[in-house]
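The values are calculated or read from the model by the stated rules, or taken from the named source; none is laboratory data. It should be emphasised that the depicted structure is a prediction, and the values quoted were computed from it without experimental measurement. Cβ: placed from backbone, ideal geometry, glycine included. Neighbour counts: every protein chain shown.
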Ligand SMILES: Nc1nc2c(ncn2[C@@H]2O[C@H](COP(=O)(O)OP(=O)(O)OP(=O)(O)O)[C@@H](O)[C@H]2O)c(=O)[nH]1
Ligand SMILES: [Mg+2]
Ligand SMILES: [Zn+2]
């Protein structure tokens, strides 16, 4: 390790941002090269801001932007950056991710887009200002489980539901769609529930996810105790209007924990989320273990425990329909990814064949 970098690097500075023994060990080979560790606060057009022992630095991301969007450096990543005697500074590498929140970029393509890296809690913000869309909650949950983070559902703007009985029904509806997941009604305006949420996000890194206008940035400001994120009145109910937040931003919370605010997501396509879907519908999977046939499709089979649960009201038809829908979507995407891979392989072989033939002809030409 170069003396100067050893001297400069005081890891305690990065502790509030989640630096620990694990990251120190991962970073060791880069420290030997005289590089500086940093956590990505935000990424913006080929550059990024990182918090480092040398303060917040701006660095070029050219070396860490490969063609695969899943491998592009992202908010929450831990990186190795040039020391301050280099100008411009480059991010030289980023450390292997512990978790990654990924969605598919659009329904027509089958590429994954990474939304946040090294996240422990996925805070799914759903507004109580509109009718609860349980299917959307289930979709976000599938991606959250798949990412490796522990999800929590936050029902925002709880002050708009003035009747406590109505509120308790809404919470219960969300809970039936989220087995094993905490559902928290929260109001950033009057502070209800924010203490419980603060306790959840105090450990590790949390990412706020949800539709535009769900109140993510308002919640971030409430947790931060400062107006660091811009907030704007919702322009339309379906979230297709302008998004207030446009980049993903990482903050250290004074009470412990790290928070990432993200721009609203219009849609979240599943991306290779089979395991996640299973976890969202864990009660259906548990029921299915008692079906007479192991490959039961829960449609007409005799001795089907899922159909029996539907019949006696233990399981709701909406849940089963939603489960099937997400499973189908995930399978379609997997098939498309396979088709794309096959097409790429064919093209590669074709190119090799052409190149091989050209080389052979050139050789023959020389021999003649
Ligand atoms: N009544 C009420 N309104 C809230 C609450 N939290 C947020 N809002 C309002 O909801 C609107 C949208 O809030 P934002 O925090 O900007 O929403 P966002 O999820 O960050 O939106 P994007 O950045 O576009 O993704 C603003 O007008 C807020 O004042 C709340 O607890 N109660
Ligand atoms: Mg916002
Ligand atoms: Zn069955």
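For region 144-174, which residues satisfy the criterion of being out of contact with any helix residue (DSSP H, G or I) (no Cβ under 6 Å at 6 or more places or on another chain) and under 20 Å from residue 113 (Cβ atoms)?
144, 147, 148, 149, listed by residue number.
Against the condition closer than 18 Å to residue 176 by Cα and either at pLDDT 70 or above or within 16 Å of ligand 1 (Cβ to nearest atom) (or both), how does residue 289 come out, does it pass?
For residue 289, the condition - closer than 18 Å to residue 176 by Cα and either at pLDDT 70 or above or within 16 Å of ligand 1 (Cβ to nearest atom) (or both) - is not met.
Kindly list the number of the only condition in (1) more than 16 Å from ligand 2 (Cβ to nearest atom); (2) on the phi > 0 side of the Ramachandran plot that fails for residue 146.
Among (1) more than 16 Å from ligand 2 (Cβ to nearest atom); (2) on the phi > 0 side of the Ramachandran plot, the lone unmet condition for residue 146 is (2).
Would you mind listing the helices (runs of 4 or more DSSP H) fully within region 220-339 where at least 2 residues are closer than 30 Å to residue 119 by Cβ and in contact with a helix residue (DSSP H, G or I) (Cβ under 9 Å, 6 or more places away or on another chain)?
The qualifying helices (runs of 4 or more DSSP H) are 274-280, 282-288.
Suppose we filter 130, 116 for residues that are assigned by TED's automatic domain parsing to the domain that holds residue 214, modelled with pLDDT under 95 and under 20 Å from residue 22 (Cβ atoms); which single one remains?
116
So, of the residues in region 201-231 that are crowded, with 24+ Cβ neighbours inside 10 Å and over 20 Å from residue 158 (Cβ atoms), which turns out to be farthest from ligand 3 (Cβ to nearest atom)?
205
In the list 273, 297, 305, 309, which residue meets the criterion of being over 21 Å from residue 201 (Cα atoms) and free of Cβ contacts under 8 Å to residues at least 12 places away in the same chain?
Only one candidate passes the filter, namely 297.
Find the strands (runs of 3 or more DSSP E) located wholly in region 24-85 whose residues include 2 or more that are under 19 Å from residue 117 (Cα atoms) and over 23 Å from the mean Cα position of the chain (by Cα), and list them.
55-60
Scan region 190-205 for residues that are farther than 24 Å from residue 134 by Cα and in a loop (DSSP other than H, G, I, E, B) and jot them down.
Passing the criteria: 190, 191, 202, 203, 204.
Within region 141-166, how many residues are crowded, with 24+ Cβ neighbours inside 10 Å and in contact (Cβ under 8 Å) with a residue 40 or more places away in the chain?
Residues that pass the stated criteria total 9.
Could you list, in sequence order, all residues of region 32-46 that are farther than 18 Å from residue 260 by Cβ and in contact (Cβ under 8 Å) with a residue 12 or more places away in the chain?
Matches in region 32-46: 32, 33, 34, 35, 36, 37, 46.
Looking only at region 122-140, decide whether some residue is part of a helix (DSSP H, G or I) and within 20 Å of residue 205 (Cβ to Cβ).
yes
Which condition from (1) within 30 Å of residue 151 (Cα to Cα); (2) outside any strand (DSSP E or B); (3) out of contact with any helix residue (DSSP H, G or I) (no Cβ under 6 Å at 6 or more places or on another chain) is the one that residue 19 breaks?
(3)
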